[in-house]
1. Only Lys, Arg, Asp and Glu count, each charged at its Cβ (+1, +1, -1, -1), so figure out the dipole size of the chain about its Cα centre, rounded to 20 debye.
2. P(r) for segment 23-87, please, calculated from all Cα pair distances in 5 Å bins and given in %.
3. In segment 1-120, what is the volume of the convex hull around the alpha carbon atoms, normalised per residue and reported in Å³?
4. Using θ = phi - 60° and the Karplus curve 6.51 cos²θ - 1.76 cosθ + 1.60, what whole-Hz ³J(HN,Hα) does each residue of segment 90-99 get, with Gly and Pro shown as x?
5. Pull up all non-local amide H partners of E125: gap of 5 or more, or a different chain, and H-to-H distance under 5 Å with H placed in the peptide plane.
6. With a cut-off of at most 16 other beta carbons within 10 Å, and DSSP calling the residue loop, which GluC sites (Glu not before Pro) in segment 59-116 qualify? Please list them.
Amino acid sequence: MEKNKTYIKDEWEILDINDFNEKAGSYGRQTYAGIVKMYAEEIPKKINMISSAFETNDINKIKFEAHSLKGIALNFIADKFNSLCIEFDRSIFSGETDISKKVFSEICELSHNYISELNRFAASEEPDSDKIKS
């Protein structure tokens, strides 16, 4: 039996929890939590691949991973993170390497809290969870 949890918007810094509540209701809370967890695990991998590609100046790899990161991010409403991913994708495809490096740096800084909130949501939907875990 799935729990009908609703989370308060003020408890979340980055994610639009109303979007999460709606999607969790549509997909099933545990199923959606599994999707969220999968993406939370994928984001650091993408960031590491982009960092490595910047080190080797592999622009094609950066373009591919930037576009992929944007695709992952846009699965969830998180205005600031999404905007950064969109700008990063746009700037790298436009050849604006200096801008893309700056935006990527902002993505890296924000990603820790973003991933933390994704994991917090996913953990709260585990079968034995009665509350949001920090």
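1. The dipole of the chain has a size of about 200 debye.
2. 4, 17, 23, 22, 16, 10, 5, 3, 1
3. For segment 1-120, the hull spanned by Cα atoms encloses 90 Å³ per residue.
4. Using θ = phi - 60°, the values come out as 5, 5, 6, 6, 8, x, 8, 4, 4, 5 Hz.
5. So E125 has HN proximity to no qualifying residue.
6. Here the sparse-neighbourhood loop sites are E96.
No lab work stands behind these numbers, since they all come straight from the coordinates. Computed from a prediction, not measured in an experiment: that's the story for all the values here. Glycine gets a Cβ as well: all are built from the backbone with ideal geometry, and neighbour counts include every protein chain shown.
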